[in-house]
Amino acid sequence: MSTAPDVRLHHARWTDVAALAELETRLFPDDAWSEASWWAELAARPRREYLVLEVGGRVAGYGGLDHGGEVTDVMTVAVAPEERGRGLGGMLVGELERAARGRGAEHLMLEVRADNGAALGLYEGRGFTTVSRRRGYYQPGSVDALVMRKSLSTKGAHDG
Ligand SMILES: CC(C)(COP(=O)(O)OP(=O)(O)OC[C@H]1O[C@@H](n2cnc3c(N)ncnc32)[C@H](O)[C@@H]1OP(=O)(O)O)[C@@H](O)C(=O)NCCC(=O)NCCS
């Protein structure tokens, strides 16, 4: 990748599982994916696809997809707090889009908490639009989920 010389992106490997689970625990202490969850996700390839971001040789982010044919779902996107705000989240989403296109998907879909300003800014900036709202979806706290979509086909650029 061209973002910075110390940034690398690769497809997730079994040897990444411990670092992925550790970062997940740091980012989502209440409902982190365990090592077992990551093993199950990687075992579900090629339907699932995970990209790992390394900065200076350390795992600093990841993004994942569920390829379902016409529609690909974004499973997760995350960047370590100390590496945020330098375009890495945008780079990950761009690479996920490229991977979805590569499998022939027409739409990329995701769910995001309505109170997650950083993620909303990231997705809206990359052309995702909100197509529905699931009220009180995230518990506790009863926070709405926004379902967002991006058309990947050039001729469908106006179908939101
Ligand atoms: C969302 C997340 C991946 C963004 O990563 P990042 O590397 O900081 O993102 P980028 O630097 O590429 O920023 C891309 C855009 O996101 C938006 N953004 C990023 N941080 C933001 C913030 N704190 N507040 C508002 N918008 C923000 C901006 O629109 C930004 O575009 P800009 O640089 O042109 O202003 C990161 O904050 C994260 O890992 N959060 C926790 C996990 C999470 O919520 N994942 C999404 C689940 S759906």
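Restricting to the range 6-18, name every residue that is over 21 Å from V93 (Cβ atoms) and either in contact with a strand residue (DSSP E or B) (Cβ under 6 Å, 6 or more places away or on another chain) or surrounded by 15 or more Cβ atoms within 10 Å (Cβ to Cβ) (or both).
V17
When both residues are 6+ apart or on different chains and their Cβ atoms are under 7 Å apart, which pairs have a first residue that lies in the range 112-137 and is among the acidic types (D, E), and a second that is in a strand (DSSP E or B)?
Partner pairs satisfying both residue conditions: D115/V143.
Need the failing condition index for G121 against (1) over 18 Å from E49 (Cβ atoms); (2) in contact with a helix residue (DSSP H, G or I) (Cβ under 9 Å, 6 or more places away or on another chain), just the number.
(2)
Where residues in the range 77-91 are closer than 10 Å to G61 by Cβ and more than 6 Å from the ligand (Cβ to nearest atom), which of them is farthest from the chain's Cα centre (by Cα)?
E83
Could you please find all residues in the range 113-150 being assigned to a strand (DSSP E or B), within 12 Å of the ligand (Cβ to nearest atom) and open to solvent by 30 Å² or more (accessible area, probe 1.4 Å)?
R113, Y138
State all residues of the range 98-109 that are of a type in the set (A, V, I, L, M), within 16 Å of the ligand (Cβ to nearest atom) and either open to solvent by 10 Å² or more (accessible area, probe 1.4 Å) or without any contact (Cβ under 8 Å) to a residue 12 or more places away in the chain (or both); if no residue qualifies, say none.
Selection gives M109 alone.
Specify which of the listed residues (D30, D73, D66) is on the phi < 0 side of the Ramachandran plot, exposed (fewer than 12 other Cβ atoms within 10 Å of the Cβ) and either within 16 Å of the ligand (Cβ to nearest atom) or aliphatic (A, V, I, L, M) (or both).
D30
The values are calculated or read from the model by the stated rules, or taken from the named source; none is laboratory data. Because the structure is predicted, anything quoted here is derived from the model rather than measured. FYI the Cβ positions are ideal-geometry reconstructions off the backbone, even for glycines, and counts take in every protein chain you see. In case anyone asks, the SASA skips ligands and DNA or RNA and just uses the protein heavy atoms, side chains included. Shrake-Rupley method; radii C 1.70, N 1.55, O 1.52, S 1.80 Å.
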